[in-house]
1. If you check T37, T5, T11, which single one turns out to be hydroxyl-bearing (S, T, Y), modelled with pLDDT under 90 and open to solvent by 10 Å² or more (accessible area, probe 1.4 Å)?
2. Evaluate the following for S162: is it surrounded by fewer than 18 Cβ atoms within 10 Å (Cβ to Cβ), closer than 28 Å to G268 by Cβ and at pLDDT 65 or above?
3. Which of the residues that make up segment 61-82 are closer than 25 Å to S113 by Cα, of a type in the set (V, I, T) and open to solvent by 10 Å² or more (accessible area, probe 1.4 Å)?
4. Filter segment 40-52 down to the residues that are in a helix (DSSP H, G or I) and modelled with pLDDT of 90 or more and list them by number.
5. What single numbered condition from (1) among the charged types (D, E, K, R); (2) part of a strand (DSSP E or B); (3) out of contact with any strand residue (DSSP E or B) (no Cβ under 6 Å at 6 or more places or on another chain) fails to hold for D86?
6. Counting only residues that are of a type in the set (D, E, K, R), in a helix (DSSP H, G or I) and under 21 Å from K69 (Cβ atoms), which one in segment 90-138 is modelled with the lowest pLDDT?
7. Out of segment 9-42, which residues are under 21 Å from the mean Cα position of the chain (by Cα) and β-branched (V, I, T)?
Amino acid sequence: TPTNTPTNTPTNTPTFSSIKNVRDISSPPSSPIKPHTIYRTGMPSNASGPDISEWNSLGIKTLIDLRSKTELESDLTLNTNEVYSDFTSVKWSSIRSPREVDTKTKLDPARKSRKERHFVSLMDEKKYVLGTISKIEKRKLAKVAALSPGLMSKRIRKKAKSYFLTCINDGGLQMVNDLILVRGKRGIKYVLSLMSDEGRHPVAFYCTAGKDRTGVITAIILKLIGVSDEEIVADYSISAEVYKEMDDGDAMVGALQQRDLRPEVFLGAPKQVMRETLEGFE
């Protein structure tokens with residue numbers, strides 16, 4: 001039975017049966033990051049049985065949840081006690097200071113010695129739609145605008161939506177990565193600030209499947225610390241092998257699950273996609 005940790009990753013990467021795509025990001029050969037410091041993963045609330053004790057043995061001090069509000073609301077294991085009971089939940093927002101979820105008070109940096117779980121909605125459907133609009137050809141956008149007087153019609157709304165879906169499907173993962181970098185930049189900055197604070201280590205960051213938003217942030221970190229592009233590309237492509245083994249249709253781009261995307265386009269992790277994403281870093 002295949003595990004959710006690729007068999008070709010270094011031995012410093014833990015092995016789980018129910019948590020998706022877990023890797024220590026010190027894994028690339030030229031990575032200067034100290035092992036057992038920062039982990040990338042799919043959502044840990046999937047942990048069950050032996051995975052729970054294995055996960056807890058990592059001693060994670062800071063969790064960073066990159067999922068959207070829609071994803072969080074649909075996660076029935078969002079507050080699994082065995083995984084999250086010792087963590088104080090903190091919600092980040094692009095328009096105000098981070099606040100504790102339970103008390104609604106501003107986050108006190110002086111209290112970073114405790115375990116914290118930071119909710120950083122890097123992307124949501126609104127951001128994807130706005131970003132997609134910015135990329136639609138002007139002539140197609142004009143067609144959508146021309147339909148606006150009749151948008152109350154169900155038929156017209158469906159037709160307008162098809163323009164967006166066509167653009168997203170045609171743009172594929174490369175466009176998704178581009179949108180994450182542009183529309184999610186404030187959240188990315190906050191995530192990097194958490195990871196750069198040694199007092200918060202070990203850190204684990206994740207989205208639904210640990211592939212797209214998690215993959216982009218991993219690429220940013222590895223690029224910043226001098227890991228070669230080809231090693232970054234190789235690390236990214238491991239996710240494709242994992243999902244092929246798992247045959248997991250739920251790994252669709254998380255924040256867009258409710259849209260009619262083509263699985264064959266979005267479930268993979270082609271090397272060329274990350275190569276082009278890295279070119280955008282320059």
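The values are calculated or read from the model by the stated rules, or taken from the named source; none is laboratory data. Treat the numbers as computed from the prediction; the structure is a model and nothing was measured. Here the Cβ is made from the backbone with ideal geometry for all residues, glycine too, and neighbour counts use every protein chain on show. Note: accessible area is taken over every heavy atom of the protein model, side chains too, but ligands, DNA and RNA are not part of it. Shrake-Rupley method; radii C 1.70, N 1.55, O 1.52, S 1.80 Å.
1. Numbers: T37 fails: modelled with pLDDT under 90; T5 fails: open to solvent by 10 Å² or more (accessible area, probe 1.4 Å).
Result: T11 is the single residue among T37, T5, T11 that is hydroxyl-bearing (S, T, Y), modelled with pLDDT under 90 and open to solvent by 10 Å² or more (accessible area, probe 1.4 Å).
2. Judged against the criteria, S162 is a match.
3. T80
4. P44, D51, I52
5. It fails just one condition, (2).
6. At the first step, the residues of segment 90-138 found to be of a type in the set (D, E, K, R) are 91, 96, 99-100, 102, 104, 106, 108, 111-112, 114-117, 124-127, 135, 137-138.
Filter once more, so that each one left must be in a helix (DSSP H, G or I): 111, 125-127, 135, 138.
Subset that is under 21 Å from K69 (Cβ atoms): 125-127.
Values: E125: 73, K126: 77, K127: 79.
Only one residue fits best here, namely E125.
7. Within segment 9-42, T9, T13, T15, I19, V22, I25, I33, T37, I38, T41 meet the criteria.
Let's see how each residue does on (1) within 21 Å of the chain's Cα centre (by Cα); (2) of a type outside the set (G, A, S):
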site	(1), (2)
P44	yes, yes
K61	yes, yes
S68	yes, no
S74	yes, no
T80	yes, yes
E100	no, yes
